[in-house]
Amino acid sequence: MRRHTLSTAVTLCFAASLAAAASAPSEARPASPPASQTARQQARVPVLVDCFFHPEVRPTDFVLACGDGNSRLTSLHWSRWGQASAKAVGVNIVNDCKPYCAAGRFHSYPVVVRLDRAQPWKKRPHLQHYSRMTLEYPAGRPDTFPPTVTYPLWN
């Protein structure tokens with residue numbers, strides 16, 4: 001019973017923090033680099049679009065399951081971020097959802113992340129964004145996952 005309560009509390013806290021971040025006024029968010037610097041940097045390389053439709057370059061964390069937060073990438077260390085592709089190593093934290101997601105446990109898996117297929121972003125056509133992500137699991141992986149998983153990224 002205690003494990004179920006803790007799992008539920010963690011899930012609810014995560015969902016609340018996502019909602020708070022989305023609704024926080026702009027002055028409550030961390031300061032960004034000057035717009036001209038950001039635009040110049042983003043014009044040179046593709047961006048990764050997060051759950052809140054913010055463009056990111058070399059993020060350290062990235063939520064894959066935007067609706068429920070049951071899969072996310074953490075501790076990302078980028079070795080490449082260029083016009084054609086990007087590559088990082090990190091950890092994929094995945095909820096096993098057993099017996100159901102609110103009662104499930106999160107497990108960590110080492111992962112190699114590759115981004116490619118840069119194309120104009122519909123929201124900001126002057127920016128290129130990576131439209132495909134491939135995850136390779138060099139060691140363990142979630143029970144139902146193959147060694148390599150490819151996801152289309154939102155536009």
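Values in this text are rule-based calculations from the coordinates and carry no lab data. None of the values given here were measured: they were computed from a predicted structure. Positions of Cβ are backbone-derived with ideal geometry, glycine not excepted, and every protein chain shown enters the neighbour counts.
For the structure I just gave you, tell me whether LYS98 is touching a Phe, Trp or Tyr at 6+ places or on another chain (Cβ under 8 Å) and surrounded by fewer than 15 Cβ atoms within 10 Å (Cβ to Cβ). Break it down stepwise before answering.
Working: touching a Phe, Trp or Tyr at 6+ places or on another chain (Cβ under 8 Å): no; surrounded by fewer than 15 Cβ atoms within 10 Å (Cβ to Cβ): yes.
No: the conditions fail for LYS98.
Of these, SER85, SER75, which one is under 17 Å from LEU64 (Cβ atoms) and either out of contact with any Asp or Glu (no Cβ under 6 Å at 6 or more places or on another chain) or not hydrophobic (A, V, I, L, M, F, W, C) (or both)?
Details: SER85 fails: under 17 Å from LEU64 (Cβ atoms).
When all the criteria are applied, what remains is SER75.
Considering only residues that are hydroxyl-bearing (Ser, Thr, Tyr) and closer than 21 Å to ALA103 by Cα, which ones fall in the range 51-83? I'd like the intermediate steps shown before the answer.
So in the range 51-83, the residues hydroxyl-bearing (Ser, Thr, Tyr) come out as 60, 71, 74-75, 79.
The answer is SER71, and nothing else.
Which pairs do you get when a residue that is assigned to a loop (DSSP other than H, G, I, E, B), found in the range 131-155, comes within reach of a residue that is of a type in the set (A, V, I, L, M, F, W, C), reach meaning Cβ atoms under 7 angstrom, with the pair 6+ apart or on two chains?
The qualifying pairs are TYR137/VAL111; TYR137/PHE145; PRO138/VAL112; PRO142/VAL94; LEU153/VAL49; LEU153/MET133; TRP154/VAL49; ASN155/TRP121.
Yes/no matrix, rows are residues, columns are (1) in a strand (DSSP E or B); (2) of a type in the set (Lys, Arg):
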position: PHE52; (1), (2): no, no
position: ARG58; (1), (2): no, yes
position: ASP68; (1), (2): no, no
position: HIS77; (1), (2): yes, no
position: ARG80; (1), (2): yes, yes
position: GLN83; (1), (2): no, no
position: ASN92; (1), (2): yes, no
position: LYS98; (1), (2): no, yes
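Is there any pair linking a residue in the range 83-105 that is more than 29 Å from LEU127 (Cα to Cα) to one that is surrounded by fewer than 19 Cβ atoms within 10 Å (Cβ to Cβ) and among the aliphatic types (A, V, I, L, M), with Cβ under 9 Å and at least six apart or on different chains, and which?
VAL94/LEU64; VAL94/ALA65; ASN95/ALA65; CYS97/ALA103; ALA102/LEU12
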